[in-house]
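Here is the structure we will look at.
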Amino acid sequence: MFKRILIANRGEIALRIIRTCREMGIECVAVYSTADKNSIHREFADQSVCIGPPQPVKSYLNIDNIITAAQITNCDAIHPGYGFLAENDQFVKVCHDNEIIFIGPPYEAIALAGNKSKAVEVMKNARIPVIPGSNGNITDLKSATKLCRRLGYPVIIKAVFGGGGKGIRICHSKEELAEYYPMAKAESEKAFGTGDIYLEKYISKPRHIEFQIVADNYGRTICVGERECSIQRRHQKLIEEVPVVNLPPKLLKLMSEYAVKAAKTIDYKNLGTIEFLLDEDNNFYFIEVNTRIQVEHPVTEAVTGLDLIKEQISIAAGKRIENRKDYSNTRGHAIEFRINAEDPLNDFTPSPGKITKSFIPGGPGVRVDTFIGTESEVPPFYDSLLAKLIIWNKDRESAIARSARALDELTIEGVRTTIGFHKRILSNKKFIKGDIHTHFIEEEFKGQ
């Protein structure tokens with residue numbers, strides 16, 4: 001097992017990794033930017049190293065500085081968390097070149113999954129259902145227009161190396177395609193350093209269902225359950241649940257089998273997520289592989305009893321997953337709420353600042369993953385996620401009731417947050433019934 005791990009991240013995920021490392025008897029090294037000099041993840045680590053100024057490109061995305069920090073503190077491995085360098089295949093290569101173990105999948109899997117159009121092509125060749133589309137990059141508007149005549153509108157433009165909803169445009173006509181095509185390319189270039197894009201037939205009211213994969217280095221690949229991720233705003237997840245509601249068990253079993261097949265197709269190792277869209281007729285389509293720990297991983301932990309960060313570390317250290325636990329056992333229902341520093345009354349504009357008052361709820365079945373407290377600074381340079389409220393109860397109805405109670409208790413003042421917006425979602429009749437899809441927010445809360 002590793003003696004010392006460097007955590008190449010910040011905020012709640014850095015603290016989450018530190019907690020597991022402490023339970024495993026592994027020392028932790030935190031890195032931080034000057035904007036995070038008072039951050040709590042730095043306090044709880046065994047050591048900490050400043051890696052640069054606030055701008056991510058000069059700190060949390062600075063590969064040279066992170067590798068140097070790992071070397072001077074004699075770290076065996078690096079855990080990337082999510083975001084920043086977590087899915088950067090070049091970072092994985094540099095770790096390998098410097099004899100530092102990257103806690104995550106191999107370079108080849110990350111490189112393939114990161115090229116979303118290539119990943120779709122590989123899955124299609126493996127007879128895994130995919131959405132009809134360009135089957136590769138689209139290089140010019142003329143080719144895009146010709147393809148759309150065959151597919152029929154609406155279509156969706158996607159950045160090949162996309163994430164976080166960037167480089168995505170929905171087109172309902174030839175005129176919108178002509179308008180949005182250059183916009184999507186420009187946004188992709190700015191966000192990911194390349195303007196490569198591809199096209200898919202647009203599914204109007206899909207559900208977003210993902211499957212948690214665990215794969216060791218000895219050929220065993222298993223699925224530890226699904227997650228419902230359909231409550232989104234602008235392609236960003238807001239609420240996640242386990243298990244998925246209102247779907248036949250046979251369909252979920254079939255989807256999980258395809259998820260395992262998808263992982264094996266690209267020789268995947270460590271933890272990852274295989275994501276599908278499900279249309280109104282219960283047809284499902286592969287959309288992407290997430291090659292990292294997910295923000296929403298705690299809901300899976302809540303119903304399985306697993307520590308998914310521990311699984312990542314153990315697999316990276318060469319442990320097998322056989323005969324260690326019955327991964328298929330789940331119990332109850334879990335819901336996660338992403339609490340962001342955003343103003344729902346002002347188009348969800350980010351709300352940085354100082355937290356003047358905070359109270360974290362508790363009680364049975366209540367977990368809060370956060371890095372904030374009273375007097376904490378919320379800098380403007382990073383993701384707006386402040387906390388994750390994870391609720392467990394015996395069934396969905398009870399979990400919703402407990403969620404409402406916990407959201408009432410959760411207090412964060414000094415910055416605007418999405419707490420009140422989550423309360424409104426919980427009281428929505430369609431949400432309570434499980435009648436949800438990826439456009440639920442814009443349909444149910446339009447103009448509100």
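Points to keep in mind about this one:
- Whichever residue in region 20-48 is free of Cβ contacts under 8 Å to residues at least 40 places away in the same chain and part of a helix (DSSP H, G or I) and, among such residues, is farthest from G104 (Cα to Cα): T34
- Residue within region 415-433 that is exposed (fewer than 15 other Cβ atoms within 10 Å of the Cβ) and touching a strand residue (DSSP E or B) at 6+ places or on another chain (Cβ under 9 Å) present: no
- Just one of the listed residues (I274, I321, I313, I339) is outside any helix (DSSP H, G or I), hydrophobic (A, V, I, L, M, F, W, C) and under 29 Å from I372 (Cα atoms), namely I339.
- Qualifying residue in region 58-78 (condition: closer than 18 Å to Q312 by Cα, of a type in the set (G, A, S) and touching a Ser or Thr at 6+ places or on another chain (Cβ under 7 Å)): no
- Any chance C75 is farther than 21 Å from E296 by Cα, part of a strand (DSSP E or B) and out of contact with any Phe, Trp or Tyr (no Cβ under 6 Å at 6 or more places or on another chain): no
- Here V92 meets each of (1) over 20 Å from V295 (Cα atoms); (2) aliphatic (A, V, I, L, M); (3) surrounded by fewer than 22 Cβ atoms within 10 Å (Cβ to Cβ) with one exception, condition (3).
- Evaluation of D383 against the conditions (1) surrounded by 14 or more Cβ atoms within 10 Å (Cβ to Cβ); (2) over 30 Å from K37 (Cβ atoms) shows that the sole unmet condition is (2).
The numbers here are math on the coordinates, done by the rules we state, and not lab data. Just so it is clear, the model here is predicted, and its values are computed rather than measured. Methodologically, a virtual Cβ is constructed for each residue, glycine included, from the backbone with ideal geometry; neighbour enumeration extends over all protein chains shown.
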